[in-house]
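*Asks:* Here it is, the structure in full.
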Amino acid sequence: MPGRWVHARTSHLKVSLVTRLLNLPLILQATRRDVNASTARAARGADRTLCGTVSLREALLEQGAPASSTVVTRALLDAKTDLAGSGVFPPILDPRLRWVVSAGPCDGPDRGHGDLLLAFLSLARTRPRLNLLVGGTGSSARALVAQADHAGMRGRVVVHPIGLEQLPGVLARAAAVVAPSRAGNHPDPVPEALAMGAPVIATAVGPHPTWIREGRTGWLVPPRAPAALAARLAQVVDDPLLARRVAAAAQKAALELSQPDQVALELARCYGGVARPQATPSTDLYLPEPARAARV
């Protein structure tokens, strides 16, 4: 229904100002090129800001975009741009090591990194080549490192930020990508991991169950359950053939979502969610009711 919203892919701030003057709903579509303060400012005035990946959403939130209206739409994931990156994260290049990766920020216990660390510690001593990379920063990063050091895992547990340019290479080389969030409002970079062909284990919270088909494109475990996570992680890292088979199916399913018909369907749902009913046209004429005859 034309005329009821504006969908902006470029010039986000200018379009935001115009739509505010015209009182029109605004949908912004952001890519990695749009991670800046201007896009974040435009997002604060938009009805929706659409991102193809979780890592892009997190980057926009850091710039000041509102969490409530900045959403992930997997159909908009563009493999040529969102999954491109020439950055290198040196530790993961060592062919002698295998890495379990979690790419969410370390900004509180609901991210679930404490659960992941406990699961990793239960496996690490019998798997000396296995290492853990938590690719984020935040208030709980130092405590996570201290806990790993106390367990004798200094050097095998790395907590370090991963840039958007480095993330594709990290995900592509991971033995397993774990999304350990405890709460549904803290999704992890599952869409990009699936599209990169990484074996993914995620907690069954928030959008994770809609992104993963259990046993076919990844695995789901209960939140706050380190023992269950450890058991599934052991299966994935100990059976590379299974991991590769499921990861290949995940990549195929993720890329199928970017077909034009799927994109159109997702955008139609979004448009329907922000469209406002048109006001009833007014003639600006006042027509008084005819006087009624008084009854005797």
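*Asks:* Has region 64-74 got at least one residue that is over 12 Å from the mean Cα position of the chain (by Cα), under 19 Å from residue 192 (Cα atoms) and not polar (S, T, N, Q)?
*Replies:* No: zero hits.
*Asks:* Let me ask another. List pairs: first in region 136-164 and under 22 Å from residue 188 (Cα atoms), second part of a loop (DSSP other than H, G, I, E, B) and polar (S, T, N, Q), Cβ under 7 Å, 6+ apart or cross-chain?
*Replies:* Listed pairs, sorted by first residue: 161/137.
*Asks:* Given the criterion closer than 19 Å to residue 51 by Cα, surrounded by 12 or more Cβ atoms within 10 Å (Cβ to Cβ) and at pLDDT 90 or above, identify the matching residue among 247, 243, 254.
*Replies:* Numbers: 247 fails: closer than 19 Å to residue 51 by Cα; 243 fails: closer than 19 Å to residue 51 by Cα.
The conditions single out 254.
*Asks:* Does at least one position in region 68-89 carry a residue that is open to solvent by less than 10 Å² (accessible area, probe 1.4 Å), modelled with pLDDT of 95 or more and either part of a helix (DSSP H, G or I) or of a type in the set (A, V, I, L, M) (or both)?
*Replies:* Among the residues of region 68-89, not one is open to solvent by less than 10 Å² (accessible area, probe 1.4 Å), modelled with pLDDT of 95 or more and either part of a helix (DSSP H, G or I) or of a type in the set (A, V, I, L, M) (or both), which makes the answer no.
*Asks:* Taking region 214-240 as the search range and keeping residues that are of a type in the set (Gly, Ala, Ser) and in a loop (DSSP other than H, G, I, E, B), which one is surrounded by the most Cβ atoms within 10 Å (Cβ to Cβ)?
*Replies:* 225
*Asks:* State all residues of region 129-154 that are part of a loop (DSSP other than H, G, I, E, B), over 26 Å from residue 245 (Cβ atoms) and open to solvent by 60 Å² or more (accessible area, probe 1.4 Å); if no residue qualifies, say none.
*Replies:* Those that are part of a loop (DSSP other than H, G, I, E, B), over 26 Å from residue 245 (Cβ atoms) and open to solvent by 60 Å² or more (accessible area, probe 1.4 Å): 137, 139.
*Asks:* OK, next. Filter region 90-104 down to residues that are surrounded by 23 or more Cβ atoms within 10 Å (Cβ to Cβ) and out of contact with any strand residue (DSSP E or B) (no Cβ under 6 Å at 6 or more places or on another chain), then give me how many there are.
*Replies:* Number satisfying all stated conditions: 2.
*Asks:* Do you know which residues across region 37-67 are at negative phi, among the small types (Gly, Ala, Ser) and surrounded by fewer than 22 Cβ atoms within 10 Å (Cβ to Cβ)?
*Replies:* 37, 38, 45, 59, 67
*Asks:* Follow-up. For residue 121, state whether it is under 30 Å from residue 24 (Cα atoms), outside any loop (DSSP other than H, G, I, E, B) and touching a helix residue (DSSP H, G or I) at 6+ places or on another chain (Cβ under 9 Å). Step through it out loud before you land on a result.
*Replies:* On the way: under 30 Å from residue 24 (Cα atoms): no; outside any loop (DSSP other than H, G, I, E, B): yes; touching a helix residue (DSSP H, G or I) at 6+ places or on another chain (Cβ under 9 Å): yes.
No, not satisfied.
The values are calculated or read from the model by the stated rules, or taken from the named source; none is laboratory data. Quick caveat, the model's predicted, so the values are computed rather than measured. Positions of Cβ are generated from backbone atoms using ideal geometry, with glycine treated the same way; all protein chains shown enter the neighbour counts. Calculation scope for accessible area: heavy atoms of the full protein, side chains included, ligands and nucleic acids excluded. Shrake-Rupley method; radii C 1.70, N 1.55, O 1.52, S 1.80 Å.
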